[in-house]
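Just so you know, all these numbers are worked out from the coordinates, no wet-lab data involved. Quantities reported herein were computed from a predicted structural model and do not represent experimental measurements. Every residue, glycine as well, gets a Cβ built from its backbone with ideal geometry; the counts of neighbours run over all protein chains shown.
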Amino acid sequence: MNHLAPALTTVRLSLHVLAAAVFVGGQVTMVGLLPDVRRLGGDAGVRIARAFAKVSWPAFGVLLLTGIWNVSAVHASHSTSAWKAVLMVKIGVVVLAGVAAWLHSRSTSKKSLAIWGSIAGIASLAAVVLGVLLSG
């Protein structure tokens with residue numbers, strides 16, 4: 001099975017990056033589309049948010065699974081204490097992003113939509129940056 005390791009690493013990392021592109025990139029895209037969506041009026045915003053949720057939550061699930069896979073692929077004995085500290089911060093930020101996104105999806109006021117959406121977006125972007133730090 002050792003000869004499959006490079007192929008599995010490619011699959012693991014590709015799935016993780018693709019899921020991040022959907023979950024995090026989708027949030028950035030939604031923010032960019034928001035002014036135009038608001039101009040559509042009616043329940044357009046709610047409908048578009050529900051449509052996005054159909055792809056973003058499965059992507060978040062893939063991020064969690066491949067994230068666990070990524071950590072399990074690293075030999076703890078080869079990890080520095082700084083790397084482990086960054087990993088712990090990333091795990092916290094990912095949890096924050098997921099909880100904030102979930103609270104955003106349950107919000108009923110404009111204020112809570114804005115607050116939880118902002119927290120989810122910032123935490124998601126921070127998770128990407130921390131992931132890049134961990135990969136190098």
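Remarks
- Every pair of residues 6+ apart whose Cβ atoms lie under 7 Å, when the first sits in region 15-44 and is of a type in the set (S, T, N, Q) while the second is part of a helix (DSSP H, G or I): Gln27/Ala120; Gln27/Gly121; Gln27/Ser124
- Scanning region 80-106 for residues being small (Gly, Ala, Ser) and exposed (fewer than 15 other Cβ atoms within 10 Å of the Cβ) gives a total of 4.
- Flag for Ser14 being farther than 26 Å from Val99 by Cβ and either among the charged types (D, E, K, R) or part of a helix (DSSP H, G or I) (or both): yes
- Val128 vs. criteria of a type in the set (A, V, I, L, M, F, W, C) and over 18 Å from Gly26 (Cα atoms): no
- Candidate set from region 1-36 (those that are among the β-branched types (Val, Ile, Thr) and within 18 Å of Val71 (Cβ to Cβ)); member that is surrounded by the most Cβ atoms within 10 Å (Cβ to Cβ): Val17
- Of all residue pairs spaced 6 or more apart or on separate chains, those with beta-carbon atoms under 9 Å, a first member in region 115-135 that is over 17 Å from Trp102 (Cβ atoms) and a second member that is of a type in the set (A, V, I, L, M) and not in a helix (DSSP H, G or I) are Leu134/Val74.
- Looking across Gly92, Gly131, Gly136, one residue alone is among the small types (Gly, Ala, Ser) and under 11 Å from the mean Cα position of the chain (by Cα). It is Gly131.
- Whichever residue in region 37-58 is surrounded by 13 or more Cβ atoms within 10 Å (Cβ to Cβ) and of a type in the set (Gly, Ala, Ser) and, among such residues, is farthest from Ser124 (Cα to Cα): Ala44
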